[in-house]
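Remarks on the structure that follows.
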Amino acid sequence: MSSSHQGPCIVYMAPLESNGEGDVWFKVYEEGWNKNTKKWCTNKVIDNNGKLDITIPKGIPDGDYLVRTELIALHQAKQVGGAQLYPNCVVITVTGGTGTALPESYAIPGIYKSKDKGILYDRGADPSTYVIPGPPLFTGSSSSKSNTTSSTQSKSESNINSPAANKKIQQAGIEKIEPPSKAYRKRRESN
C-alpha cells in the first residue's frame, strides 16, 4: 500500500458457520488518526511491514471465526465514491476464553453508504475530527477492556500464531488464538 493511501483500519469478526452472510459481522477494532504520533492507522501498518496488532474482546466465545480487516484510503474521499477500501479475510479459531457475548451484528456489504462520515471525507480537514465509519465497536461489555492480542497482515497471510502473539495472549488469560481448527480444515476438505 502506498504511503499516500492514508486512513483508518477496521477489523470485523463473524462466526465461521455464517459464511459471512447476513447480519453476522461485528466490529472488534478501529483506529483512525493518532494525535500522539500524528499518523493514520494505515501509516502504522505500512511502517510495521503490513502487520497490525489488535485486541479481541474477551467476551467473544470460543470457536472458529472469519476475521475481516479493512484499510480505508482517504486520498480521494473528498468526492462520492472516492474512498478506497482494502479488505482482507482470514479464518481463526479462538480458544481458552470464557466469553458468551452475542454482539449486535451487521451485514457486509451494507455497513457503509457513499455519503457516510468517514467514507466521504476531505483529507485537508483537521484529521482529529475524522469519524470512523460503520457500526459501533464491540468491546465485550461497556465496562470491560479487551484482552486477547493477535497480529494480522494486510496481505492474505497472518501472524496469529507467532510466539510473541501467543505470549501476549497467555498474559491476557486466554490460552491462544490458533489458525483454523482441524475440524474446520476437515470440513473444508470434505466439501
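The values are calculated or read from the model by the stated rules, or taken from the named source; none is laboratory data. Keep in mind that what you see is a predicted model, and the values were worked out from it rather than measured. So basically every Cβ, Gly included, is an ideal-geometry build from the backbone, and we count neighbours across all protein chains shown. All accessible areas refer to the heavy atoms of the entire protein, side chains included, with ligands and DNA or RNA removed. Shrake-Rupley method; radii C 1.70, N 1.55, O 1.52, S 1.80 Å.
Please enumerate the residues belonging to segment 15-49 that are under 14 Å from Ile111 (Cα atoms) and of a type outside the set (D, E, K, R).
Selection gives Gly20, Gly22, Val24, Trp25, Phe26.
Here are the criteria: (1) under 12 Å from Met13 (Cβ atoms); (2) under 16 Å from the mean Cα position of the chain (by Cα). Tell me which single one Gly63 does not satisfy.
(2)
When segment 54-93 is examined, which residues are found to be surrounded by fewer than 16 Cβ atoms within 10 Å (Cβ to Cβ) and part of a strand (DSSP E or B)?
Gln84, Leu85, Pro87, Cys89, listed by residue number.
From the set of residues in segment 123-132 that are out of contact with any Leu (no Cβ under 9 Å at 6 or more places or on another chain) and in a loop (DSSP other than H, G, I, E, B), which is surrounded by the most Cβ atoms within 10 Å (Cβ to Cβ)?
Step by step, filter segment 123-132, then rank; the result is Ile132.
Just checking, does segment 104-124 include any residue being touching a Cys at 6+ places or on another chain (Cβ under 9 Å) and among the acidic types (Asp, Glu)?
No: zero hits.
Determine if segment 71-82 includes at least one residue that is closer than 30 Å to Glu17 by Cα and not hydrophobic (A, V, I, L, M, F, W, C).
no
Could you list, in sequence order, all residues of segment 41-53 that are open to solvent by less than 20 Å² (accessible area, probe 1.4 Å) and in a loop (DSSP other than H, G, I, E, B)?
Passing the criteria: only Gly50.
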